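One structure below.
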Amino acid sequence: MKINITPTKRNTYPKKGILIRSAHPYEWIQELQNLGIDLETVNAYAIPSKIANQIYGCFVVLDSLKSNTHIANVAIFQSINDVIYIPEFSKINPKISLEESQKLLKSPHIFHPDFGWFSLETEINWANLIALRAPLPLQITVPEDSVFIPSEILSFQLISKSDEEITKDLDLKLEKPKKEKLSAVDKIKLNVLKTLFSATQGNNGNFKVERNGLLKWLDNLGGSQGKPQSKRSSKWEKNLEKLLYKNQKETDKLLRLLRLNPNAALKFAIPIDLAGSSRDSGNRSLSIFSKNGDGDSRFSNFIFKALAYFTIITIVYLLFKFFTGIANSNLYPFLWTLLKAAGYIVAVVIVVVILERLFENNDNGGSGTVDNERLNALREQYEKLAKDAIAKKDYKKAASIYIKLLKNYYSAAEALEEGQLYQEAALVHLKYNKDKHKAAEVYEKGKIYDKAITLYKELEDHEKVGDVYKTMRKKEDANTHYQMVIDNYIENSQFVKASLIYKYKIEDAPKAQTILLQGWRANKDAYNCLTNYFSNFPNTDILKKGIEFIYKKETKPENLTLFLKALKVEHQKHENIQDFTQNIAYEIVANNLSDNPGITFELKAFNTDNHLLQNDATRFVKRTKYKK
């Protein structure tokens with residue numbers, strides 16, 4: 001009978017075997033232990049290799065597979081009637097019944113493409129393979145105390161990178177563009193072609209070339225308008241375009257490249273401060289040799305234009321001489337004229353080049369100032385690139401453009417801060433904006449507390465130093481700097497501000513009250529000190545005791561009016577102590593009527609429902625003055 005084993009997409013028979021591919025029994029045992037298989041409960045067979053005297057692996061027959069078998073380093077086999085074992089995802093043709101398999105094969109067989117069919121006859125005797133060693137003596141190693149892991153994170157800070165590394169990341173690599181200069185022959189050719197064609201540059205940077213001058217006159221003369229251009233004319237136009245592109249200003253070339261390929265243009269970008277600054281030598285006596293934006297001097301432009309017209313006239317004259325010589329059978333005048341014209345042109349070109357070279361150093365090799373139109377166009381392109389980079393979340397690239405090209409350092413810092421690159425933003429504020437306070441704020445926002453503290457200390461902003469230490473849960477360090485702020489406030493008689501530091505920063509309400517009482521006694525901003533003193537009491541019961549204490553122990557004739565004014569505020573704020581505050585107010589007014597009759601007007605605030613009290617107080621004051 002011919003038996004075929006073919007691959008299939010699913011398993012047809014139960015999976016009851018695994019094949020461990022290794023020639024070493026140690027690895028078989030290790031793999032079976034990893035799968036949790038007991039050696040005594042399974043049948044295992046050594047599988048030979050096709051190569052003589054070599055073992056292919058170990059085949060283990062199982063009742064069922066465990067769930068972790070699929071992730072182990074073993075091959076899984078299907079069982080056909082517990083007689084034939086074939087790899088998973090394969091099937092046998094033709095199908096064999098139990099009786100047929102038992103008649104066909106006297107013992108179980110395994111099939112694998114690597115070694116073919118093999119009869120499973122001799123089981124592995126594990127006892128012969130395993131040699132038990134004497135137990136090793138125990139040696140206990142006690143580990144060191146582990147690192148304490150807190151159950152709650154109270155504060156954390158970031159470790160900052162070095163400033164040099166950050167500066168390197170933000171540095172935009174610029175390459176000096178390769179300058180293309182027209183040769184003397186090219187300049188003559190350009191000026192000759194300009195007499196034949198006119199060229200205008202569009203917004204996209206491309207040139208539109210049209211016939212002009214002599215060519216246009218010839219077209220009109222020959223009636224060739226609307227007809228296709230000759231190949232020669234078309235070639236001249238292309239040559240003119242090439243020369244015009246080559247002769248463009250560096251800013252025009254850059255603007256064109258920025259429109260076509262912004263990323264490539266960045267490498268050759270010109271910073272705004274360089275593009276907008278003049279690099280003229282200032283030598284007005286040699287101004288005819290100073291270079292314009294095209295890299296040519298006015299002198300050379302004039303000479304080469306003159307040479308172009310001279311060349312055209314010479315060509316016409318030579319043609320006249322040539323035809324005259326043919327007619328007279330004497331070409332000697334033509335050749336002599338040709339030689340002289342070439343000599344004149346070469347001599348003039350040599351003289352111009354020598355003069356430009358002589359005066360090149362006096363011109364500093366630079367070009368004139370870029371006009372405002374080009375400067376604004378450059379700025380718009382750079383800003384667009386920066387905004388595009390921010391939109392793509394490439395904040396470092398945007399910052400590099402702002403720093404290197406636009407010199408807009410605050411925008412660079414804002415872009416980095418938007419991207420949560422706080423250390424980079426802080427460094428921009430420090431290095432370029434020279435703004436230590438803003439840099440410290442950004443460091444604090446980015447949880448780079450050590451650098452924030454250093455800057456705040458340099459600025460002697462001890463309150464902010466204390467705030468950062470408080471965020472870091474370093475209470476003692478925070479209180480030390482808060483105390484410096486308090487001492488400064490007290491020295492300048494700013495007792496209310498000093499009390500607020502105690503109350504909200506150090507969170508010591510009793511000391512805040514002591515400072516306010518000190519200000520009240522010293523009569524330094526006494527009214528505000530007293531109103532804050534009263535507002536710090538947690539409830540009205542304690543407030544009543546505080547008011548009574550101040551009235552009986554801390555008032556004197558010169559501050560009674562201020563006390564009454566502060567008492568008026570508490571009377572209006574707390575309805576449940578109005579009777580108490582009203583009685584104190586009556587007592588103060590009664591005791592001071594003789595010395596200060598006008599104090600009766602203060603009673604109006606404690607009797608808002610009595611509309612006649614104001615008139616009675618006015619009559620009383622007038623009568624008292626009349627008696628005096």
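The values are calculated or read from the model by the stated rules, or taken from the named source; none is laboratory data. This structure is a prediction, so every number in the text was calculated from the model and none was measured. Counting neighbours? That spans all protein chains shown, and the Cβs are built from the backbone with ideal geometry, glycine included. When the accessible area is computed, the model is the full protein with side chains, heavy atoms only, and any ligands, DNA or RNA have been set aside. Shrake-Rupley method; radii C 1.70, N 1.55, O 1.52, S 1.80 Å.
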(request) Kindly establish whether Tyr449 is at pLDDT below 95 and over 22 Å from Ser400 (Cα atoms). (result) yes
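Each row is one residue, and each column tells you yes or no for (1) at pLDDT below 80; (2) more than 30 Å from Ala342 (Cα to Cα); (3) open to solvent by less than 90 Å² (accessible area, probe 1.4 Å); (4) β-branched (Val, Ile, Thr).
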residue: Leu120; (1), (2), (3), (4): no, yes, yes, no
residue: Trp126; (1), (2), (3), (4): no, yes, yes, no
residue: Ser160; (1), (2), (3), (4): yes, yes, yes, no
residue: Glu175; (1), (2), (3), (4): yes, yes, no, no
residue: Lys181; (1), (2), (3), (4): yes, no, no, no
(request) Collect the residues in the stretch 545-578 that are among the hydrophobic types (A, V, I, L, M, F, W, C) and over 12 Å from Trp520 (Cα atoms), keeping them in residue-number order. (result) Ile547, Phe549, Leu564, Leu567, Val569, Ile577
(request) Give the residue, chosen from Glu100, Glu27, Glu31, that is more than 18 Å from Ile124 (Cα to Cα), free of Cβ contacts under 8 Å to residues at least 60 places away in the same chain and either open to solvent by 60 Å² or more (accessible area, probe 1.4 Å) or outside any loop (DSSP other than H, G, I, E, B) (or both). (result) Glu100
(request) Could you give me the residue pairs with C-beta distances under 6 Å whose first residue belongs to the stretch 54-69 and is in a strand (DSSP E or B), whose second residue is among the hydroxyl-bearing types (Ser, Thr, Tyr) wherever it lies, and which are 6+ apart or on separate chains? (result) Tyr56/Ser49; Gly57/Ser22; Phe59/Tyr45
(message) For the list (1) within 16 Å of Asn43 (Cα to Cα); (2) open to solvent by 80 Å² or more (accessible area, probe 1.4 Å); (3) among the small types (Gly, Ala, Ser), I need the number of the one condition that Ser67 fails.
(response) (1)
(request) Go through Ile124, Ile37, Ile110 for me and flag whichever is farther than 30 Å from Arg10 by Cβ and out of contact with any Lys or Arg (no Cβ under 6 Å at 6 or more places or on another chain). (result) Ile124
(request) Go through (1) in contact with a His (Cβ under 7 Å, 6 or more places away or on another chain); (2) open to solvent by 90 Å² or more (accessible area, probe 1.4 Å); (3) hydrophobic (A, V, I, L, M, F, W, C) and name the single condition Ile84 misses. (result) (2)
(request) All but one of (1) of a type in the set (Gly, Ala, Ser); (2) free of Cβ contacts under 8 Å to residues at least 40 places away in the same chain; (3) exposed (fewer than 15 other Cβ atoms within 10 Å of the Cβ) hold for Ser49, so report the exception by its number. (result) (2)
(request) Only residues in the stretch 477-506 that are without any contact (Cβ under 8 Å) to a residue 40 or more places away in the chain count as the first member; pair them with residues that are among the acidic types (Asp, Glu) and assigned to a helix (DSSP H, G or I), Cβ under 6 angstrom, at least 6 apart or cross-chain, and list the lot. (result) Val485/Glu463
(request) May I ask you to say which residue of Asp145, Asp114 is within 58 Å of the chain's Cα centre (by Cα), surrounded by 10 or more Cβ atoms within 10 Å (Cβ to Cβ) and in a loop (DSSP other than H, G, I, E, B)? (result) Asp114
(request) Could you grab the pairs with beta carbons closer than 7 Å, sequence gap of 6+ or different chains, first residue in the stretch 2-13 and touching a residue at least 12 places away in the same chain (Cβ under 8 Å), second one in a loop (DSSP other than H, G, I, E, B) and of a type in the set (D, E, K, R)? (result) Asn11/Glu88
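Which residue, of Asp541, Asp525, is among the charged types (D, E, K, R) and within 55 Å of the chain's Cα centre (by Cα)?
Of Asp541, Asp525, the one residue that is among the charged types (D, E, K, R) and within 55 Å of the chain's Cα centre (by Cα) is Asp525.
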(request) For the stretch 43-61, name all the residues that are of a type in the set (A, V, I, L, M) and at pLDDT 90 or above. (result) Ala44, Ala46, Ile47, Ile55, Val60, Val61
(request) Those residues that are at positive phi and either of a type in the set (D, E, K, R) or open to solvent by less than 90 Å² (accessible area, probe 1.4 Å) (or both), I need them from the stretch 502-560; list them, please. (result) Glu507, Asp525
(message) Could you tell me how many of the residues in the stretch 82-91 are under 22 Å from Glu121 (Cα atoms), touching a Ser or Thr at 6+ places or on another chain (Cβ under 8 Å) and assigned to a strand (DSSP E or B)?
(response) 2
(request) Spot the failing condition for Thr8; the list is (1) within 18 Å of Leu120 (Cα to Cα); (2) open to solvent by 30 Å² or more (accessible area, probe 1.4 Å); (3) in contact with a Lys or Arg (Cβ under 8 Å, 6 or more places away or on another chain); (4) at pLDDT 90 or above, and only one is missed. (result) (1)
